[in-house]
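One structure is given below, encoded as C-alpha cells.
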Amino acid sequence: MNRLILALVAAMSLASYGLSGQARAEGAVVTVTGNVVETNRSAFDPFADALFNALQIKFDKAHAFSREDLRKLPQQSLRAKYPNWPAEVEVKGPSLKDVLAAAGADGDRVIVRAVDGYAPEFKMADVRAGAFVLALEAGGMPLSIGGRGPLWLVFPPKSYLDQPDDDGGLAWAVFHIEVR
Ligand SMILES: Nc1nc2c(c(=O)[nH]1)N[C@H]1C(S)=C(S)[C@@H](COP(=O)(O)O)O[C@H]1N2
Ligand SMILES: [Mo]
C-alpha cells in the first residue's frame, strides 16, 4: 500500500515536471544537451522549448542550469583583454569544464550556442586544458540580456591552436551547450 502511494506521488511529480519540461525553480539560463548522463529535465518539447524550436535544435537528454545552480559551482575569476576591446575585462562564473562535469557530459566536441544562433565549436580537450569561463558577471555587474548575458563564454587569448587574434569564439548571450 505504501509502495502504491509512493509510486503515485512519483508519477504525479513526473507528470507536472513533463508538462513544462523546465521545472527549475528559477528557470534555466543554460541547457546542456547531447551526451549527458545527469539529466534533470525532460526531452525537447516544441512548444515549451520555443527558442530551441526556432533554431531547429532537438534533444533527448538535457541538464538545465539556473543562475542559482551556476552560482553553487566553484566560481572562477578571469581577466582578459582582446585587441578589439576598449579595456581589460574581469569576469566571474563557473568554468565551462565544471558545468559540463555537473551535467555528466562527455564527448570530443563542445558547441556553445547563443540566442542569435552563433555557435562556435571547441574541442573537449581544449576546454578541459584551458580557462573557459561561463561568465555570470563582468566588471562586478551581473550580465543582462540585451548586453552579453545571460552568459558570456570568456577565455584568454591563445586558449587553443589557431584561435583568432580578436574575440571570435567568445560567444555572448549563451543559452545552450551541446556535447558530441
Ligand atoms: N552571440 C554572439 N556572440 C559572438 C558573436 C556573434 O555574432 N553572436 N560574434 C563573435 C565574433 S566572431 C567576434 S569577433 C566577437 C565580436 O563580435 P561582436 O562585435 O559582434 O560582438 O564576438 C563573438 N561572439
Ligand atoms: Mo569575429
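Mind counting the residues in the range 154-168 that are within 8 Å of ligand 1 (Cβ to nearest atom) and either under 16 Å from R128 (Cα atoms) or surrounded by 18 or more Cβ atoms within 10 Å (Cβ to Cβ) (or both)?
Result for the range 154-168: 1.
Wholly within the range 121-176, which strands (runs of 3 or more DSSP E) include no fewer than the required count, namely at least 2 residues that are within 15 Å of the chain's Cα centre (by Cα), within 16 Å of ligand 2 (Cβ to nearest atom) and under 18 Å from P74 (Cβ atoms)?
152-154
Quick one: how many residues across the range 84-101 are closer than 13 Å to V133 by Cβ, open to solvent by less than 70 Å² (accessible area, probe 1.4 Å) and not aliphatic (A, V, I, L, M)?
5
Which members of the range 51-64 meet the condition of being in a helix (DSSP H, G or I) and open to solvent by 60 Å² or more (accessible area, probe 1.4 Å)? Quick ask: steps written out before the conclusion?
Start the filter on the range 51-64 by keeping residues that are in a helix (DSSP H, G or I), which leaves 51-54.
Within the range 51-64, L51, N53, A54 meet the criteria.
On the given criteria, is E38 open to solvent by 20 Å² or more (accessible area, probe 1.4 Å), in a loop (DSSP other than H, G, I, E, B) and modelled with pLDDT of 95 or more? Steps first, please.
Numbers: open to solvent by 20 Å² or more (accessible area, probe 1.4 Å): yes; in a loop (DSSP other than H, G, I, E, B): yes; modelled with pLDDT of 95 or more: yes.
Yes, satisfied.
For I111, which of the numbered conditions (1) of a type in the set (V, I, T); (2) away from ligand 1 (no atom under 12 Å from the Cβ); (3) open to solvent by 60 Å² or more (accessible area, probe 1.4 Å) fails to hold?
So the condition that I111 fails would be (3).
Across the range 125-170, what is the number of residues that are hydroxyl-bearing (S, T, Y) and in contact (Cβ under 8 Å) with a residue 12 or more places away in the chain?
So in the range 125-170, the residues hydroxyl-bearing (S, T, Y) come out as 144, 159-160.
Those left that are additionally in contact (Cβ under 8 Å) with a residue 12 or more places away in the chain: 159-160.
Result for the range 125-170: 2.
Across the range 71-90, what is the number of residues that are under 20 Å from the mean Cα position of the chain (by Cα) and outside any loop (DSSP other than H, G, I, E, B)?
Total meeting the criteria: 7.
The values are calculated or read from the model by the stated rules, or taken from the named source; none is laboratory data. Remember, predicted model here, so these are calculated numbers, not experimental data. Reconstructed Cβ throughout: ideal geometry from the backbone, glycine too, with neighbour counts over all protein chains shown. Surface accessibility is based on the protein's heavy atoms, side chains included, excluding ligands, DNA and RNA. Shrake-Rupley method; radii C 1.70, N 1.55, O 1.52, S 1.80 Å.
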